[in-house]
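Report on the following structure.
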Amino acid sequence: MTSAQPRPSRARTLRTARFEAFSDGVFAIAITLLVLELAVPVVGESGLMKALAGQWPSYLAYVVSFSTVGALWLAHTSISEYLGRADLILVRLNLVLLLVVSFLPFPTKLLAEFIKEPEDERVAVTIYGASFLASLLLVIALWRYAIRAGLVNSDLDDADAKMLSRRTIPAAVAYVALIALGLVSPIAAVFGYFAVALFLILPFGAVLTHRRNANAAESDLG
């Protein structure tokens with residue numbers, strides 16, 4: 001009787017296609033659920049226009065949360081583009097991120113309902129900001145783990161590796177400051193969260209680089 005041959009060892013790495021598809025699905029559902037807070041108002045004697053204007057907290061919460069989830073998705077997409085493979089730790093870390101992202105419609109609803117309540121608006125805005133901070137910190141952790149575990153593509157250079165950190169680290173610091181600001185001025189903090197989302201979404205660096213290159217070209221022509 002021949003002895004059983006040992007099975008060849010398999011590296012515990014996974015393809016990224018399902019990782020990306022599942023993540024995109026959760027982000028899509030979370031960002032879609034935000035619109036459920038926009039209800040048709042009850043129109044009284046004052047008319048529809050005033051009734052719509054009275055729902056401004058819901059519109060504000062929707063725009064800020066939509067922008068923030070969009071910014072998180074863009075960062076997550078950038079990470080996915082650089083991944084060559086995934087492992088079980090990365091997948092689990094990503095699940096924790098998706099747990100927080102799928103939770104975001106709840107603090108959005110809290111903000112919409114309590115932003116006009118003097119006693120409760122600070123609590124609502126603090127939970128709102130803490131949820132954003134937790135989401136962004138998990139994105140940073142996901143990216144750093146992918147680099148340290150060697151899961152990124154081999155052609156990734158240092159400039160590419162630092163690209164996400166140049167946006168996400170300052171944004172995380174800003175979230176900490178805005179959470180503190182929310183204890184004093186909740187409305188100002190909410191607009192600050194919107195500014196952070198725009199910072200993460202809009203390609204300010206690319207615009208400035210293009211402008212510098214254009215100015216340099218004009219100088220050379222002159």
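Listing for the model above:
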| item | result |
| --- | --- |
| Arg148 without any contact (Cβ under 8 Å) to a residue 12 or more places away in the chain and over 23 Å from Val196 (Cβ atoms) | yes |
| Qualifying residue in the stretch 93-101 (condition: surrounded by 20 or more Cβ atoms within 10 Å (Cβ to Cβ) and either touching a Lys or Arg at 6+ places or on another chain (Cβ under 6 Å) or at pLDDT below 95 (or both)) | no |
| Helices (runs of 4 or more DSSP H) fully within the stretch 144-222 counting 2 or more residues that are charged (D, E, K, R) and at pLDDT 65 or above | 158-182 |
| Only one of Ser135, Ser131 that is closer than 20 Å to Ala188 by Cα, out of contact with any His (no Cβ under 7 Å at 6 or more places or on another chain), hydroxyl-bearing (Ser, Thr, Tyr) and buried (at least 17 other Cβ atoms within 10 Å of the Cβ) | Ser131 |
| Candidate set: the stretch 26-58, residues that are polar (S, T, N, Q) and surrounded by fewer than 15 Cβ atoms within 10 Å (Cβ to Cβ); chosen: the one farthest from Trp73 (Cα to Cα) | Ser46 |
| Test: residue in the stretch 39-56 that is farther than 28 Å from Ser165 by Cα and either in contact with a helix residue (DSSP H, G or I) (Cβ under 6 Å, 6 or more places away or on another chain) or at pLDDT 90 or above (or both) | yes |
| Members of the stretch 80-132 found to be hydrophobic (A, V, I, L, M, F, W, C) and over 26 Å from Glu37 (Cβ atoms), listed by number | Leu83, Ala86, Leu88, Ile89, Leu90, Val91, Leu93 |
| Criterion: among the aliphatic types (A, V, I, L, M) and surrounded by 14 or more Cβ atoms within 10 Å (Cβ to Cβ) - qualifying residue of Ala180, Ala188, Ala172 | Ala172 |
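The values are calculated or read from the model by the stated rules, or taken from the named source; none is laboratory data. What you see is a predicted model, and the numbers here were worked out from it, not measured in a lab. Neighbour counts are summed over all protein chains in view; Cβ atoms, including those assigned to glycine, are modelled from backbone coordinates with ideal geometry.
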